[in-house]
Amino acid sequence: MPGDTVFFDQMNRKVVLPVYPPRRIVSLVPSQTELLYYLGLYEEVVGITKFCVHPPEWFQTKTRVGGTKNFSVNKILQLKPHLVIGNKEENTQEGIVMLEKQAPVWMSNITQLPDALHMITAIGNLTQTPLPAQILAQKIVTAFSSLEKPAKPLRVVYLIWQNPFMAAGYHTFIHAMLTQVCGFFNALTPKAERYPALTYEELQTLQPDMVFLSSEPYPFKQKHAAAIQQLLPNAFVTLVDGEMFSWYGSRLLLAATYFKQLLAEVNAQLG
């Protein structure tokens, strides 16, 4: 239609915005919700998920439309969104297909840092905030470029779940953070699933130098670290902040400082 603005998302889908810039936005991804806040879209964002805990004032005041997987299509449509922002991995295809029949839906698809940087600048263009988005992306690149890599090659297993153990494999954003940004080696094989389940025996067979226990989606605690330390007495086992490894929006700025501290701790233990 005349006046419509056309974009393409990271799944190469055509997204037509009848209202541009969008004045009513629903975000279905926590890290992208935080990015929208960073870009100053305080009034424009009208709906978020129950997992969008940053910023806390939005979590308390914005309409929650359900989870990332089981969001309510009806609740979203009642908000009359000009734009819905989702993610290929975090949202279910079935729900997105239902939603996009009645509202413009822009989807991110992120497995590496360049994908995240592209998403940031793309959402800047989508929401007519291109300059702060471009500046943010450049700040992230600069911050990560100053990281000192480990003193020697170190094999890591990054666990995201317990009973059974589940780890972050190749072709995941966590893998990219571990390897491309921090300079570690993923102890899993490239042929493994993206998030493979591991038995105790398989975990031992991997013989990792380090085991990182994420704070999300499973909230690992010190007691879990102690149990795995018994299983792998020669490994450096530690709790890590999952948001720093898996949130691909503006939190990446904080991740650079976090990784610097983590790398210093690792080098002190294993360097």
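The values are calculated or read from the model by the stated rules, or taken from the named source; none is laboratory data. None of these values were measured; they are calculated from a predicted model. In this analysis, Cβ positions are derived from the backbone assuming ideal geometry, glycine residues included, and neighbour counts consider all displayed protein chains.
Given the options Arg23, Arg13, name the one that is in contact with a strand residue (DSSP E or B) (Cβ under 7 Å, 6 or more places away or on another chain) and assigned by TED's automatic domain parsing to the domain that holds Gln128. So the residue among Arg23, Arg13 that is in contact with a strand residue (DSSP E or B) (Cβ under 7 Å, 6 or more places away or on another chain) and assigned by TED's automatic domain parsing to the domain that holds Gln128 is Arg13. Restricted to segment 205-252, and to residues there that are of a type in the set (D, E, K, R) and in contact with a helix residue (DSSP H, G or I) (Cβ under 7 Å, 6 or more places away or on another chain), the residue that is nearest to Ala122 (Cα to Cα) is Arg251.
Please state which one of Ala255, Ala227, Ala187 is modelled with pLDDT of 95 or more, out of contact with any Asp or Glu (no Cβ under 9 Å at 6 or more places or on another chain) and not assigned by TED's automatic domain parsing to the domain that holds Met107.
Details: Ala255 fails: out of contact with any Asp or Glu (no Cβ under 9 Å at 6 or more places or on another chain); Ala187 fails: out of contact with any Asp or Glu (no Cβ under 9 Å at 6 or more places or on another chain).
Checking each option against the conditions leaves just Ala227.
Evaluate the following for Thr179: is it surrounded by fewer than 21 Cβ atoms within 10 Å (Cβ to Cβ), outside any loop (DSSP other than H, G, I, E, B) and not small (Gly, Ala, Ser)? It is true that Thr179 is surrounded by fewer than 21 Cβ atoms within 10 Å (Cβ to Cβ), outside any loop (DSSP other than H, G, I, E, B) and not small (Gly, Ala, Ser). Applying a threshold of 7 Å to beta carbon distances and a minimum spacing of six or more residues, or different chains, the list of pairs starting in segment 188-213 at a residue that is within 13 Å of Ile228 (Cβ to Cβ) and ending at one that is charged (D, E, K, R) and surrounded by 13 or more Cβ atoms within 10 Å (Cβ to Cβ) reads Pro208/Arg155.
Of everything in segment 201-226 that is among the aromatic types (Phe, Trp, Tyr) and out of contact with any Leu (no Cβ under 6 Å at 6 or more places or on another chain), the residue that is surrounded by the most Cβ atoms within 10 Å (Cβ to Cβ) is Phe212. Say whether the condition of being out of contact with any Leu (no Cβ under 9 Å at 6 or more places or on another chain), at pLDDT 95 or above, surrounded by fewer than 19 Cβ atoms within 10 Å (Cβ to Cβ) and assigned to a helix (DSSP H, G or I) is met by at least one residue in segment 193-200. Looking for residues that are out of contact with any Leu (no Cβ under 9 Å at 6 or more places or on another chain), at pLDDT 95 or above, surrounded by fewer than 19 Cβ atoms within 10 Å (Cβ to Cβ) and assigned to a helix (DSSP H, G or I), one finds none in segment 193-200, hence no. Mind checking whether some residue in segment 69-81 is in contact (Cβ under 8 Å) with a residue 24 or more places away in the chain and in contact with a Phe, Trp or Tyr (Cβ under 9 Å, 6 or more places away or on another chain)? No, segment 69-81 contains no residue that is in contact (Cβ under 8 Å) with a residue 24 or more places away in the chain and in contact with a Phe, Trp or Tyr (Cβ under 9 Å, 6 or more places away or on another chain). Only residues that are within 21 Å of Lys101 (Cβ to Cβ) and out of contact with any Phe, Trp or Tyr (no Cβ under 9 Å at 6 or more places or on another chain) were counted across segment 48-62, and they come to 0. Evaluate segment 141-150: report whether one residue or more is within 30 Å of Val6 (Cβ to Cβ) and either among the charged types (D, E, K, R) or modelled with pLDDT of 95 or more (or both). Scanning segment 141-150, I find at least one residue that is within 30 Å of Val6 (Cβ to Cβ) and either among the charged types (D, E, K, R) or modelled with pLDDT of 95 or more (or both), so the answer is yes. What helices (runs of 4 or more DSSP H), lying completely within segment 55-162, carry at least 3 residues that are surrounded by 14 or more Cβ atoms within 10 Å (Cβ to Cβ) and on the phi < 0 side of the Ramachandran plot? Passing ranges, in order: 73-78, 93-100, 113-126, 130-145.
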